[in-house]
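Enquirer: A single structure is presented below for examination.
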Amino acid sequence: MPIIELNRLTKTYGGARGIHDLTFQVEEGEIFGFIGPNGAGKSTTIRTMLGLIYPTSGSAKIFGKDCVQHGPDIKRSIGYLPSEVFYYDNMRVKDLLQYSASFYKKDCRKRMVELAELLELDLNKKIDDLSLGNKKKVGIVQGLLHEPKLIILDEPTSGLDPLMQQRFFGLLEEENRKGATILFSSHILSEVQRLCDRVAIIKEGRLIALEKMSDLKGSTYKKFKLQVKDDLPEAVFAIEGVTEWAMKNGEASFLFKGDINVVMRIIAELDLLNLWVEEPDLEEIFMHYYAKEA
Amino acid sequence: MNMYLYELRAYRNVTIIWIASIVGFVLLMMSMYPTFASDAEAFMELFASMPDSVVQAMGIGIDSIASLLGYYSYIFLYVLLCGAIQAMHLGGSILSKETREKTADFLLAKPVTRVAIMTSKLLAALTLLLATNAIYFAAASLIAAMVAQEPYDYGAFALISFSLLLLQLIFLAMGIAAALLLPRMKTVLPVTLGTVFAFFVLTFIGSSTGDGLLRYATPFHYYDRAYMIQHGGYETGFVTASIVIIVACTLFGYRRYQKRDVHAV
């Protein structure tokens, strides 16, 4: 049985925002990436699944139950980390977490201390006094406190330093091993690459791709930028897989897809001033990887 | 239950401040009563020299102002004003808190129905208002007993004091309706003050023109204190009007709270 089942889910706000005809499924035990640029509709989808907003048409099912009709029932087994965490000020971290725990019929005290220790979160501080990253940690603990079967994360890493991010990812992997399904929304592809089994890519409210991570990786583009003394003729890189060639002010740039060794051999022959090899950002992936669909 | 207790705790301090201010105001005004009563003649002459409409607009009953109940009735109008602000502000802020403080993603992602959330909030607000009234009534009775020059009708005194709660319920319901009519409300105070003072001004106009139907638009005048002193009860028509307003606003609140989309920041 799929854990999440979206069926032609649509939410319109009159304007351009919203989501249209989203259909995909997340299977049990998966870590599922949900990728798209800002404003693509990731949060709208998640908030619809959680019953914060109501769908215009279509349906969303979690654990096989409709999100609108069985909201409270479903939410008992969901842990949710919102993209922007704001918590009632004037409360200590511990009080907020206890308040959060009081909604679930479970004793979460031990787990709370464990998680706080792992993330180096001071339970006795006032939430007001916390930095963005520390507030995020409160959100993480709050979301994982009751050992949910489905963990929904909406851009969870913003504000976390790399070390914490690693620990957080480790934590997620552990939860996943214990059987939790994870929906991980992000606008950074590389962030989900490590964790996710499958990704859905959404743009302007529409699902444009649903891929296994392994497939996507095989076809990822690399963005090359070379600084050279003299102009490079395009012919130098006349190999398969090079696109978007541009030569400007002594800087050549292109996207490459294929065997990285081939291109490196060519580059080794050149007299370079500088070299950058980067992951293309999402927009570039949309433009090239999905050009065939346009 | 956890939400109810949480809301109670969240609004406890502000409620204590309101109680202290209202009781303080009554204490201050009532402590002047003995002086006022002993110089009643002079005051009566002063009021008599003022135009009738002004005296009526200020809610002064010339015949009764020298008596404890008459004097209390007069200052009670300002108790009502404070009480109305307290109640509407409470109703408005308790229900709009999630959207104002952007904590909707916290509360609404919990395994509770929206009806349960709203009911907990309403019960908490109701409890706070009941506590306000209980403490107010005890304090006012004590103050009245201290400053009374001669025996007074305690029943009428109780009726008058109790009408604070009735009026507060109306404004609590209006606060709830306002919070849901204006979902993007960032601060509750301007809306509250605007509404309460608008009704308060209407009261002045209403009482100086003495228009029968206009009274239905002035909640401050629903519970006429001169009527309570004379008849020992409330006017059925206005009690009904109160109930209609409270029920209508609350039902509207529930419907809206359940149906609405809670938008992200």
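The values are calculated or read from the model by the stated rules, or taken from the named source; none is laboratory data. Keep in mind that this is a model prediction, so the values were computed, not measured. When we count neighbours, we look across all protein chains shown, and the Cβ atoms used for this are built from the backbone with ideal geometry, even at glycine.
Enquirer: Just one of B:177, B:148, B:144, B:226 is among the small types (Gly, Ala, Ser) and under 30 Å from residue B:99 (Cα atoms); which is it?
Expert: Working: B:148 fails: under 30 Å from residue B:99 (Cα atoms); B:144 fails: under 30 Å from residue B:99 (Cα atoms); B:226 fails: under 30 Å from residue B:99 (Cα atoms).
Of the residues listed, the single one that is among the small types (Gly, Ala, Ser) and under 30 Å from residue B:99 (Cα atoms) is B:177.
Enquirer: Looking at segment A:47-163, what strands (runs of 3 or more DSSP E) fall wholly within it and have at least 1 residues that are facing chain B (nearest Cβ under 10 Å), within 25 Å of the chain's Cα centre (by Cα) and of a type in the set (Val, Ile, Thr)?
Expert: Where strands (runs of 3 or more DSSP E) fall fully within segment A:47-163 and carry at least 1 residues being facing chain B (nearest Cβ under 10 Å), within 25 Å of the chain's Cα centre (by Cα) and of a type in the set (Val, Ile, Thr), they are A:78-81, A:150-154.
Enquirer: Being at pLDDT below 90, crowded, with 20+ Cβ neighbours inside 10 Å and under 22 Å from residue B:163 (Cβ atoms) narrows it down to one of B:80, B:95, B:69, so name that one.
Expert: Of B:80, B:95, B:69, the one residue that is at pLDDT below 90, crowded, with 20+ Cβ neighbours inside 10 Å and under 22 Å from residue B:163 (Cβ atoms) is B:69.
Enquirer: Also, I was wondering about something else. Please work out which one of (1) in contact (Cβ under 8 Å) with a residue 60 or more places away in the chain; (2) at positive phi is the condition residue A:45 fails and give its number.
Expert: Among (1) in contact (Cβ under 8 Å) with a residue 60 or more places away in the chain; (2) at positive phi, residue A:45 violates only (2).
Enquirer: Those residues that are over 16 Å from residue A:99 (Cα atoms), of a type in the set (S, T, N, Q) and surrounded by fewer than 19 Cβ atoms within 10 Å (Cβ to Cβ), I need them from segment A:113-156; list them, please.
Expert: A:131
Enquirer: Next question, about the same structure. Here is a list: B:233, B:253, B:212. Which entry is surrounded by fewer than 18 Cβ atoms within 10 Å (Cβ to Cβ) and either within 14 Å of chain A (Cβ to nearest Cβ) or touching a residue at least 12 places away in the same chain (Cβ under 8 Å) (or both)?
Expert: Details: B:253 fails: surrounded by fewer than 18 Cβ atoms within 10 Å (Cβ to Cβ); B:212 fails: either within 14 Å of chain A (Cβ to nearest Cβ) or touching a residue at least 12 places away in the same chain (Cβ under 8 Å) (or both).
Step by step, each of B:233, B:253, B:212 is checked, and only B:233 is surrounded by fewer than 18 Cβ atoms within 10 Å (Cβ to Cβ) and either within 14 Å of chain A (Cβ to nearest Cβ) or touching a residue at least 12 places away in the same chain (Cβ under 8 Å) (or both).
Enquirer: Related question: Might you check whether a residue that is among the hydroxyl-bearing types (Ser, Thr, Tyr), within 14 Å of chain A (Cβ to nearest Cβ), under 25 Å from residue A:72 (Cα atoms) and more than 21 Å from the chain's Cα centre (by Cα) occurs anywhere in segment B:76-96?
Expert: no
Enquirer: Taking segment B:110-150, which residues are touching an Asp or Glu at 6+ places or on another chain (Cβ under 6 Å) and either free of Cβ contacts under 8 Å to residues at least 60 places away in the same chain or of a type in the set (D, E, K, R) (or both)?
Expert: First pass over segment B:110-150, keeping only residues touching an Asp or Glu at 6+ places or on another chain (Cβ under 6 Å): B:121, B:124.
B:121 - this is the single residue of segment B:110-150 that is touching an Asp or Glu at 6+ places or on another chain (Cβ under 6 Å) and either free of Cβ contacts under 8 Å to residues at least 60 places away in the same chain or of a type in the set (D, E, K, R) (or both).
Enquirer: Go over the candidates A:131, A:102 one by one and state the one that is of a type in the set (Gly, Ala, Ser) and either under 30 Å from residue A:21 (Cα atoms) or out of contact with any helix residue (DSSP H, G or I) (no Cβ under 9 Å at 6 or more places or on another chain) (or both).
Expert: Being of a type in the set (Gly, Ala, Ser) and either under 30 Å from residue A:21 (Cα atoms) or out of contact with any helix residue (DSSP H, G or I) (no Cβ under 9 Å at 6 or more places or on another chain) (or both) holds for just one of A:131, A:102, which is A:131.
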